[in-house]
Amino acid sequence: VYETHFALNRRPFSKTPDPAFLYTGVVHGEALARLEMAVDEREICLFTGEIGAGKTTVSRALIDRLDVRHRIVLVVNPRLSAVQLLELVADRLGVKPLPRGKVKLLDALTARLFEIFQEGGLPLVIVDEAHLIPSKSVFEELRLLTNIQLDDAPLLSLILIGQPELRTRLGRVGYASFAQRIGVAYHLASLDRPETERYIAHRLQVAGRAVPLFSPAAIDVVYRASRGIPRRINTICQSALLMAYGNEVDVIGQEIVDDVIQDLTTHLGRAFAMEPRSHG
Ligand SMILES: Nc1ncnc2c1ncn2[C@@H]1O[C@H](COP(=O)(O)OP(=O)(O)OP(=O)(O)O)[C@@H](O)[C@H]1O
Ligand SMILES: [Mg+2]
């Protein structure tokens, strides 16, 4: 509807992740570089960030960048038991048929990992939403998986992605054996004010609009209300476009964004309340 009004050729702030809109500024660019390095070094990597900060987006960009030698097992729903997780990894890495029982399963998986190694392959297991892993025993199993080594180099790399509570959980005493194996722990920051502006400009540009659409004061408000979290930025900007279109406004000023945030707070409640937070 509003695309033509704002000289856009598509919706710039849609909620579905679209690689075409990938913004690799300071924050996400560095995260990507760190993950790439961790994979190269075959380190166990812990990648955390606030809800909506862009963890999944970064991990998909990573997958797009890794060369064909990498055999990627992406686990997006880790509400699994230890055995189920082993089965899933074994299955995705081509263990056939899947043996019954944990011992045989581990044997078969180990054999397969050596085989892949000999073919020049690099298995990489990425667990997204890892804060949902139900039990400690799953982490223990993951640790054992990364224990399968050749000349001290693990045959499998592992990236765990999750919300900040994952980090807290792994800091507990019972998780020490796993936590001590983590080689790279990276926390995805939110965007600062200048990066928020560049992020918005980038999305608008990909959607065909080079001329600024939000006034600097409007961006201030977007930044404060979103706390620099991309998903929140998208939600606010998307609603602002709709409201500006409805009001036949051409450049989005502070008032519109204020109204949008009022609306979102009313409808989404606490999930969207303005939480003033000091910088950094
Ligand atoms: N670097 C980026 N470039 C473009 N868009 C981004 C970027 N980071 C985040 N986004 C946008 O923000 C939305 C939320 O990002 P994403 O789903 O990656 O966050 P998340 O950290 O995985 O969130 P959750 O904790 O809910 O899993 C995405 O749909 C995407 O539209
Ligand atoms: Mg995610």
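Where a number appears in this text, it was derived from the coordinates with a stated rule and is not lab data. Remember, it's a predicted structure, so these values are computed and weren't measured experimentally. Neighbour counts run over all protein chains shown; Cβ positions are idealised from the backbone, glycine included.
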Practice problem: For His187, list long-range residues whose amide hydrogen, built 1.01 Å from N in the peptide plane, is under 5 Å from its own amide hydrogen. | Solution: Thr48
Self-check item: Estimated inter-spin distance, Phe114 and Lys96, nm [label 7 Å along Cα→Cβ]
Solution: 2.2 nm
Practice problem: Report the charge-dipole magnitude of the range 187-229 in Debye, nearest 20, computed about the Cα centre from +1 at each Lys and Arg Cβ and -1 at each Asp and Glu Cβ. | Solution: 100 debye
Exercise. State, as an integer percentage, the relative contact order of the range 177-239 based on alpha-carbon contacts under 8 Å between residues 6 or more apart.
Key: 40 percent
Practice problem: Compare Asp151, Asp220, Asp259 in a GNM of the chain, Cα atoms joined below 10 Å, and give the one with the largest fluctuation. | Solution: Asp151
Exercise. For Asp258 and Arg172, calculate 0.36 nm times their separation in residues minus their Cα-Cα distance, and state this gained length in nm to one decimal.
Key: 26.8 nm
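Under a point-charge model restricted to the Cβ atoms of Lys and Arg (+1) and Asp and Glu (-1), what is the dipole moment magnitude of the chain relative to its Cα centre, in debye to the nearest 20?
Here the size comes out at about 760 debye.
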Practice problem: Taking the chain as the reference, fit the longest principal axis to its C-alpha atoms, fit the long axis of helix 216-226 to the helix C-alpha atoms, and give the angle between the two in degrees, 0 to 90, nearest 10. | Solution: 40 degrees
Exercise. Name the residue farthest towards the positive end of the dipole of the chain from the options Tyr199, Ile126, Ala90, assuming +1 on Cβ of Lys and Arg, -1 on Cβ of Asp and Glu, about the Cα centre.
Key: Ala90
Practice problem: Enumerate the residues in the range 34-57 having an amide nitrogen under 13 Å from the point lying 7 Å beyond the Cα of Val76 toward its Cβ. | Solution: 56-57
Quiz prompt | Globularity ratio of the range 65-113, using Cα Rg and 2.2 N^0.38 Å | solution = 1.20
Quiz item: Between Ser215 and His187, what length comes free when the chain is fully extended (0.36 nm per residue of separation minus the Cα-Cα distance, one decimal in nm)?
Solution: 7.0 nm
Practice problem: Divide by every residue of the chain the summed helix terms, -39500 (n - 2.57) for each DSSP H run of at least 4, and state the resulting mean residue ellipticity at 222 nm, rounded to the nearest 500 deg cm²/dmol. | Solution: -15000 deg cm²/dmol
Quiz item: Contour minus end-to-end for Thr266 and His5, with contour as 0.36 nm per residue of separation and end-to-end as the Cα-Cα distance?
Solution: 91.2 nm
